[in-house]
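I have placed the structure first, in the form of structure tokens, so that the comments after it can refer back to it.
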Amino acid sequence: MNRHVIAAGCIALTLGLTATACGGDDGDDNGEGGKLNGKGKTLTVWIMEGTNPDPRPFFKEVGAAFEKKTGAKIKVEYQQWATAQKKFTTAIEGGAEQVPDVAEVGTTWVPQFAETEALVDVTDDVKKSGLSNDLVEGLKDAGTLDGKQYGMPWYAGVRSIVYRKDVFEKHNLKPPTTWKELQETAKTLKEKEPKLVPFPVAGGAEMFATAFVWGGGGQLAVQDGDKWKSGINSPEAVKGLKFYTDLATKDKVSPAKVNTWTEKEVGDAWNKGEIAMSIGGNWTPKAIVEGNPKLKGKLGVVPIPGEKGGMSKSFVGGSYLSVFDTDKKELGWELVKLMTTGEFAAKWAKQTNYFPGQNSELKKIEQQKDPLVEPFAKQMIEAGATVPKTKSYGEIQASKVIPRMVQSVLTGKSSVQEAADQAAKDMDAIFAKDE
């Protein structure tokens, strides 16, 4: 059987669920009367960090509420996006004693982990919760493999361009609406604000580069029946990659130190007040202000421009909260319910500035006219894109095929076409394993 997962489609960000708590549980952890009894037990929880505002206060509250409800404690271990996938893979190979009980899992990783049988199928539990029909379809499908759902959508996101509104106003600059305007604006910022990075071409940030692949009319890969083949070296994809990397190699609006930066390091630079304009997620403005309160009220957002107008497509993806197949899986599901429904889902949405994953809640967000939210919503609804809908793409990400391609160009080791050709070979080799 050719297995594939549908990545988050045209909507995203944290699940601001307001539904009531889910139905009862069963299993060895149940105490008297079917009530879950976790007294004396501790759940290990892996949570990503580096792109969201500081999650520690939130999890302090979650831990207290969870212990009050079940008697069990949680131990949160924070992981970096850049290295987490390989850490998960290693843990899964080590068996139940190595994996966490609950973890934040990127939507593109779900099929890869589910096929190892490391994740718990919670399809029936989700149905019992009464949430199935209200979940945004793209997010629900993102964690579904062969009709089985492996966790609950926690949040998802999209990237647009975040810029220093105060700096733009100072130099009478307008947010870019074409690639040419983006280039010229960045060059002006380089001249007028030499202490700021005008527009970081972050070699380690895969989803920065993909926007220009799609913006140039290219595709990461194309599907023919059950088979996938890379499209990263097509003329259209190369055109977008060339524009993006030329900003650093020819226009010099991105210094050499940025060549290996990940998205987290771009965020760190924002917090230090070193960035004038960059690609960023709809969680980014709030994270920036949290890290650098001096920038409150000084940020603006605009969709990533298309080559000659309109919008370049931007990846819409996100995270699931998944339960791993350990001896605490019933408690794990209880924690997932607590975090993805009701009070704590609403709190997370408010704290992180994420969009809801419930259709009913999404409508409320769409009615708001927040200038730091509306451009992201427009980007997501009108120009959202997905990665190839196959488990192989998780391995492609883990192998850092696209970052290695971009960095090869930025460091002068390869031309854009040469780097794209090599990336295509690497991708096709991985796709071939899934046939």
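The values are calculated or read from the model by the stated rules, or taken from the named source; none is laboratory data. What you see is a predicted model; the values in this text were computed from it and never measured. Note: ideal-geometry Cβ built from the backbone for every residue, glycine included; neighbour counts use all protein chains shown. With ligands, DNA and RNA removed, areas are computed over all heavy atoms of the protein, side chains included. Shrake-Rupley method; radii C 1.70, N 1.55, O 1.52, S 1.80 Å.
Please report the accessible area of Met311 (heavy atoms, 1.4 Å probe, ligands and nucleic acids excluded) in Å², nearest 10.
50
Counting only the heavy atoms of the protein chains, how much of Arg404 is accessible to a 1.4 Å probe, in Å² to the nearest 10?
Near enough 110 Å² of accessible area.
Got a number for the accessible area of Ser414? Probe 1.4 Å, square angstrom, nearest 10.
Spelled out: Ser414, probe radius 1.4 Å, area about 30 Å².
Would you kindly state how much longer the chain becomes between Lys75 and Glu169 on full extension, computed as 0.36 nm times their sequence separation minus their alpha carbon distance, in nm to one decimal?
Separation in residues times 0.36 nm, less the Cα-Cα distance, equals 29.2 nm.
Taking springs between alpha-carbon atoms closer than 10 angstrom, which of Phe59, Phe212, Phe315 fluctuates most in the Gaussian network model of the chain?
The residue with the greatest mean-square fluctuation here is Phe59.
Measure up Lys128/Lys347; Lys75/Lys264; Lys128/Lys389; Lys257/Lys313; Lys170/Lys192; Lys192/Lys250 against 20 Å on the Cα-Cα distance and list the ones that go over.
In this structure, Lys128/Lys347; Lys75/Lys264; Lys128/Lys389; Lys257/Lys313 exceed 20 Å between Cα atoms.
With all protein chains present and a 1.4 Å probe, how do Leu321, Leu173 order by accessible area, largest first?
Largest accessible area first, the residues go Leu173, Leu321.
Here are a few candidate values for semi-axes √(5λ) of the Cα gyration tensor in Å: (1) 45, 26, 23; (2) 37, 25, 19; (3) 41, 24, 18. Which one was actually calculated from the structure I just gave you?
Identified label for the calculated read-out: (2).
Can you tell me the length gained on complete extension of the stretch Lys257 to Thr42, counting 0.36 nm per residue apart and subtracting the Cα distance? Can you show the working numbers first?
Working: separation 215, 0.36 × 215 = 77.40 nm, distance 4.19 nm.
Result: 73.2 nm gained on full extension.
Assuming R0 = 41 Å, what is the FRET efficiency of Lys250 and Asn292, from their Cβ-Cβ distance, to the nearest 0.05?
0.85
For n ≥ 4 DSSP H runs only, could you compute -39500 (n - 2.57) per run for the chain, divide by its residues and tell me the 222 nm figure to the nearest 500? Write out the running numbers ahead of the final one.
Details: 18 runs with 185 residues, N = 435.
Computed mean residue ellipticity for the chain: -12500 deg cm²/dmol.
In Å³ and rounded to a whole number, note down the convex hull volume per residue for the Cα atoms of the range 113-204. Spell out each step's value before the answer.
Values: hull volume 16.9 nm³, N = 92.
Each residue corresponds to 184 Å³ of Cα convex hull volume.
Taking every DSSP beta bridge with both residues inside the chain, roughly what % is antiparallel (nearest 5)? Let's see the in-between values first.
Working: 29 of 42 bridges.
Of those bridges, close to 70 percent are antiparallel.
Taking 0.36 nm per residue of separation and subtracting the Cα-Cα distance, what length does fully extending Thr83 through Glu61 add?
Once the chain is fully extended between Thr83 and Glu61, it gains 5.2 nm.
What nm value, rounded to one decimal, do you get for the distance between Asp54 and Lys180 when each label is placed 7 Å out toward the C-beta?
If labels sit at Asp54 and Lys180, their model points lie 4.6 nm apart.
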